[in-house]
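What follows is one structure encoded as structure tokens, with my remarks underneath.
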Amino acid sequence: MLNKTLATAEAPPAGTAEPGPVALQPRDVRFDWSGLPLRWIPGEPQASHLLSVLHLLLPEGERWFVSTFKRALPLITDAALREDVIGFIGQEAIHAEAHQGVLDYYASAGVDTTGYIRQVEWLFRRILAPRPDLTPAGQRELLIEQVGIVAAAEHFTAMMGAWVLDATALDEVDLDPRMLDLLRWHGSEEVEHRHVAFDLMTHLDPSYIRRVRSLLLVAPILAIMWARGGKYFAAADENQDFRLTWRTYFDAARRGLLPTPGAFARCTLRWFKRGYHPSQDYSTAKCVAYLGSSPAARAAAR
């Protein structure tokens, strides 16, 4: 059931009814990034640069998600899941382009991200590329393994999406409203489709071992790439009046400007529960409510 929610801080406000399963629709949002500063949270270079890593990772990563799920479509035998996967593909494709727009703007403003982007491209285009040299059975097994990688990554993107919707500290600082809308629009759709990759993984292989192996592979790679991306943006910051360290991360997280280490730990541990399903986490009602008020989503609907 997709309308289950945990009784946590991430649950909807009292009296808010959770909807049933929602039809996933891509929202063709547009953003004008003219004048966007590198430190789009004023006075908070640590939070700005660590959150900006999303723009480095997501365009290439989500294009790979799309490619992987398109290749998995012929393996799906459940009509409802197939519709969810098609909706997921549409949403992820637009996410990639929205974050690419930020990178393109930064490039035009003289921020060179090509070195890091080459590393990301190497991961997704070489290491995680299809293997036509394998037997058909080997190609199918590799594809299912890659679907598991997407599911594990989506476990963390849903957590980030729920966090940014609940992060009231972001409303209390004078950050760029376009970036806040981008993050919350994207985060809302991550929560909205949080179950799809998990459902596809278990549809193709319901084994617990597959699920555990996928997260154990993805979690350390994401952590390493996030740290490297933060340092990359910090090095591009002309005003070198800060140091990006664990201590500064903990400080920003304590003030609600970044997810806490505890949030990541709890998110990770939930995945290992035998009866876990993503529908048990977060609030669909909350993300639907934001998508109804998001300036970019409303403009796309018009």
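Applying the criterion of being acidic (Asp, Glu) and more than 23 Å from the chain's Cα centre (by Cα) to the residues of region 131-181, the residue that is modelled with the lowest pLDDT is Asp174. Please go through region 232-281 and pick out each residue that is among the small types (Gly, Ala, Ser), out of contact with any helix residue (DSSP H, G or I) (no Cβ under 7 Å at 6 or more places or on another chain) and over 24 Å from Ala153 (Cα atoms). Ala235, Ala236 - these are the residues of region 232-281 that are among the small types (Gly, Ala, Ser), out of contact with any helix residue (DSSP H, G or I) (no Cβ under 7 Å at 6 or more places or on another chain) and over 24 Å from Ala153 (Cα atoms). May I ask you to say which residue of Gly110, Gly90, Gly101 is of a type in the set (Gly, Ala, Ser), in contact (Cβ under 8 Å) with a residue 60 or more places away in the chain and either under 17 Å from His193 (Cα atoms) or outside any helix (DSSP H, G or I) (or both)? Selected residue: Gly90, the only one of Gly110, Gly90, Gly101 that is of a type in the set (Gly, Ala, Ser), in contact (Cβ under 8 Å) with a residue 60 or more places away in the chain and either under 17 Å from His193 (Cα atoms) or outside any helix (DSSP H, G or I) (or both).
Give region 22-50 a look and list any residue that's farther than 26 Å from Ala289 by Cα and exposed (fewer than 13 other Cβ atoms within 10 Å of the Cβ), or say none. Once the filter is applied, which keeps residues that are farther than 26 Å from Ala289 by Cα and exposed (fewer than 13 other Cβ atoms within 10 Å of the Cβ), region 22-50 yields Ser34, Gly35, Pro37, Pro42, Gly43.
With respect to (1) under 19 Å from Leu24 (Cα atoms); (2) surrounded by fewer than 22 Cβ atoms within 10 Å (Cβ to Cβ); (3) among the charged types (D, E, K, R), the lone exception for Asp104 is condition (1). For beta carbons closer than 9 Å, sequence separation of 6+ or different chains, a first residue in region 263-283 that is at negative phi and among the β-branched types (Val, Ile, Thr) and a second that is at pLDDT 95 or above and crowded, with 16+ Cβ neighbours inside 10 Å, the qualifying pairs are Thr268/His155; Thr268/Phe156; Thr268/Leu215; Thr268/Ala219.
Contact map, region 207-220: residues that are closer than 16 Å to Thr157 by Cβ paired with residues that are surrounded by 13 or more Cβ atoms within 10 Å (Cβ to Cβ) and of a type in the set (Asp, Glu), Cβ distance under 8 Å, separation 6+ or inter-chain. Pairs shown: Ser214/Glu145.
The values are calculated or read from the model by the stated rules, or taken from the named source; none is laboratory data. All figures in this text were calculated on a predicted structure; none of them were measured in a lab. When we count neighbours, we look across all protein chains shown, and the Cβ atoms used for this are built from the backbone with ideal geometry, even at glycine.
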